[in-house]
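Worksheet: the structure to be examined is printed underneath.
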Amino acid sequence: MQRYHTPLDLVRERSPERPVALARPDAVAVAARWFQDNFKGDVFYAVKANPSPWVIETLVANGVTSFDVASVPEIELVSQFAPGARMAFMHPVKSRRAIAQAYFDHGVKTFALDTHEELAKLIEATNGAKDLNLIVRLGVQADGAAYSLSGKFGVDAHQAPGLLLAARRATQELMGVSFHVGSQCMRPTAFQAALAQASRALVRAGVLADVVDVGGGFPSVYPGMVPPQLGDYLDSIDRGFAEMMVHETTELWCEPGRALVAEASSILTKVELKKGDALYLNDGSYGSLFDAAHTKWPFPVKLIRGEDGEAKEVEGNLKPFRFYGPTCDSLDHMPGPFWLPEDVSEGDYVEIGMLGAYGVAMNTRFNGFGDAETVAVEDAPMASMYGLARRSIPVPKAETQNVVRLSRARSKKRRRK
Ligand SMILES: *Cc1c(COP(=O)(O)O)cnc(C)c1O
């Protein structure tokens, strides 16, 4: 990966024609260390949020050596870039072939399930293995998340006790519970509430869990979507866990995706045309901007103007703009509003921030576009949950006031396995 001090240096040096993904490994390092220092248990990175090799390598270098994977290609990726790492196959629906490959070829022992059918599949596909860690995914009632993840997976409260009991009987190793409160969860108490639901299911089943996995959902910060401090989420988990009946060695796990990587990538796009309040960019919903198009997610932007070896960041009178991507599909539209200086024009560059999670990972080649290169930069992300932001997000005042700062260091881990 080529390295530049800042995006301005990149524009100054070679005014890129194609979109460029800007990688900030330092931001991943800070987030990884924060979770390692503050979460009182084991941190599994949810690979789907951003499967870039540099992300995996940076996480490992900063102590996150466990991975939540959902497919064989993700397992192969982690094996390649984090040899020897611990993996948990947390997709509740897997093919028999994927289970066998994970177990026999890659030594994966931990699997999620939410039905008796999947439990039978796991046992059969591993030739009756006795050393599986079986994690029952519960459907939890959680509000406060921008993306619900409970519609598709998770056993309901009525069926959970029977499945927990069956999983307990099927393994001599670890039996656990997991859930997902929904991605970009804006309410810390959602975790305590979900843990209470898990606790009730375990009590009704009459079993103790060896693993309590609180999943992902830890938020990042976007214009108009400024969550409470991350420390509040861990406090809520501590309270919920403390109220559960567990044994001495019960392990607490989490599976953050977004919170570890959201800050760490942005995309540098070029304005191909300006038509009123619409800017036609060389990246769009089939590239890194899926969420900006399909859930109208707000992302911070800044304007960079470069000519003849010069480049500068342009500020000035901000106006709301919307974006079109480069494909011919009219769905390739990002309504924003994105606040940019009113004199933005063809040939300018727009850096779109906070695309490290579910952004650069979503790129397709539809219509001949999407061929973005990746370079590393050293400047701070546009916004941060960890006190790193290089400046306030360029949107109207009311929405920028409480950019979250790093919470005070919390007490050390209960235990390290
Ligand atoms: C997507 C996913 C995660 C990560 O969720 P974030 O909201 O990005 O933290 C964690 N666990 C499972 C099972 C997932 O599907």
Any hit, the stretch 250-259, residues being modelled with pLDDT under 95 and either part of a loop (DSSP other than H, G, I, E, B) or more than 16 Å from the chain's Cα centre (by Cα) (or both): no
Whichever residue in the stretch 97-123 is hydroxyl-bearing (Ser, Thr, Tyr) and surrounded by fewer than 22 Cβ atoms within 10 Å (Cβ to Cβ) and, among such residues, is farthest from the ligand (Cβ to nearest atom): TYR103
Any pair with Cβ under 6 angstrom, 6 or more apart, that starts in the stretch 238-251 at a residue that is basic (Lys, Arg) and ends at one that is crowded, with 18+ Cβ neighbours inside 10 Å and at pLDDT 95 or above: ARG239/GLN192
When residues of the stretch 54-69 are limited to those that are under 22 Å from ILE237 (Cα atoms) and not polar (S, T, N, Q), the one nearest to the ligand (Cβ to nearest atom): ASP68
For LYS296: the one exception among (1) modelled with pLDDT of 95 or more; (2) surrounded by fewer than 17 Cβ atoms within 10 Å (Cβ to Cβ); (3) not assigned by TED's automatic domain parsing to the domain that holds LEU113: (1)
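I need the full set of residues from the stretch 138-154 which are in contact (Cβ under 8 Å) with a residue 12 or more places away in the chain and surrounded by fewer than 16 Cβ atoms within 10 Å (Cβ to Cβ), in order please. Spell out the reasoning first.
Restricting attention to the stretch 138-154, the residues satisfying the condition of being in contact (Cβ under 8 Å) with a residue 12 or more places away in the chain are 138-150, 153-154.
Across the stretch 138-154, the qualifying residues are GLN141, ASP143, TYR147, SER148.
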Filtered residue count, the stretch 77-96, keeping only those that are buried (at least 18 other Cβ atoms within 10 Å of the Cβ) and in a strand (DSSP E or B): 3
Criterion: assigned by TED's automatic domain parsing to the domain that holds HIS91 and farther than 25 Å from GLY240 by Cβ - qualifying residue of LEU132, LEU138: LEU132
Checking PRO51 against (1) away from the ligand (no atom under 16 Å from the Cβ); (2) surrounded by fewer than 23 Cβ atoms within 10 Å (Cβ to Cβ); (3) modelled with pLDDT of 95 or more, the condition it does not meet: (1)
Among residues of the stretch 130-150, those that are modelled with pLDDT of 90 or more and part of a loop (DSSP other than H, G, I, E, B), counted: 5
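A quick yes/no check of all residues on (1) of a type in the set (Val, Ile, Thr); (2) within 16 Å of PRO92 (Cβ to Cβ):
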residue	(1), (2)
ALA142	no, no
VAL155	yes, yes
ALA166	no, yes
VAL177	yes, yes
THR189	yes, no
VAL212	yes, no
GLY217	no, no
Given (1) within 16 Å of the ligand (Cβ to nearest atom); (2) modelled with pLDDT of 95 or more; (3) surrounded by fewer than 24 Cβ atoms within 10 Å (Cβ to Cβ), index of the condition TYR222 fails: (2)
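Look at the stretch 124-138 and say how many of its residues are more than 16 Å from the ligand (Cβ to nearest atom) and under 21 Å from ARG86 (Cα atoms).
Taking the stretch 124-138 first, the residues more than 16 Å from the ligand (Cβ to nearest atom) are 124-132.
Now restrict to residues that are under 21 Å from ARG86 (Cα atoms): 125-126, 129-132.
Total meeting the criteria: 6.
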Top-ranked residue of the stretch 37-48 - restricted to ones that are within 15 Å of the ligand (Cβ to nearest atom) and not small (Gly, Ala, Ser), ranked as surrounded by the fewest Cβ atoms within 10 Å (Cβ to Cβ): LYS48
Number of the exception - ILE99 against (1) closer than 23 Å to HIS180 by Cα; (2) more than 19 Å from the chain's Cα centre (by Cα); (3) without any contact (Cβ under 8 Å) to a residue 12 or more places away in the chain: (3)
Among the residues listed as ALA205, ALA157, the single one being over 26 Å from ALA98 (Cα atoms) and either within 15 Å of the ligand (Cβ to nearest atom) or surrounded by fewer than 19 Cβ atoms within 10 Å (Cβ to Cβ) (or both): ALA157
Unique residue being within 16 Å of the ligand (Cβ to nearest atom) and either touching a residue at least 60 places away in the same chain (Cβ under 8 Å) or small (Gly, Ala, Ser) (or both) when the list is LEU260, LEU281, LEU268: LEU260
Candidates LEU163, LEU174, filtered to the one that is away from the ligand (no atom under 16 Å from the Cβ), surrounded by fewer than 21 Cβ atoms within 10 Å (Cβ to Cβ), over 18 Å from LEU230 (Cβ atoms) and in the same structural domain as HIS247 (by TED's automatic domain parsing): LEU174
Filtered residue count, the stretch 156-170, keeping only those that are within 22 Å of ASN133 (Cβ to Cβ) and either in contact with a Phe, Trp or Tyr (Cβ under 9 Å, 6 or more places away or on another chain) or at pLDDT below 95 (or both): 0
Selection count where residues are assigned to a loop (DSSP other than H, G, I, E, B) and closer than 16 Å to LEU281 by Cα, scope the stretch 300-320: 1
Qualifying residues in the stretch 227-257 (those that are among the aliphatic types (A, V, I, L, M) and surrounded by 19 or more Cβ atoms within 10 Å (Cβ to Cβ)) - the one farthest from the ligand (Cβ to nearest atom): MET244
Hits in the stretch 10-36 (condition: among the charged types (D, E, K, R), within 26 Å of ASP308 (Cα to Cα) and either in contact with a Lys or Arg (Cβ under 6 Å, 6 or more places away or on another chain) or in a helix (DSSP H, G or I) (or both)): ARG12, GLU13, ARG14
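The values are calculated or read from the model by the stated rules, or taken from the named source; none is laboratory data. Because the structure is a prediction, the values reported are computed rather than measured. Neighbour counts are summed over all protein chains in view; Cβ atoms, including those assigned to glycine, are modelled from backbone coordinates with ideal geometry.
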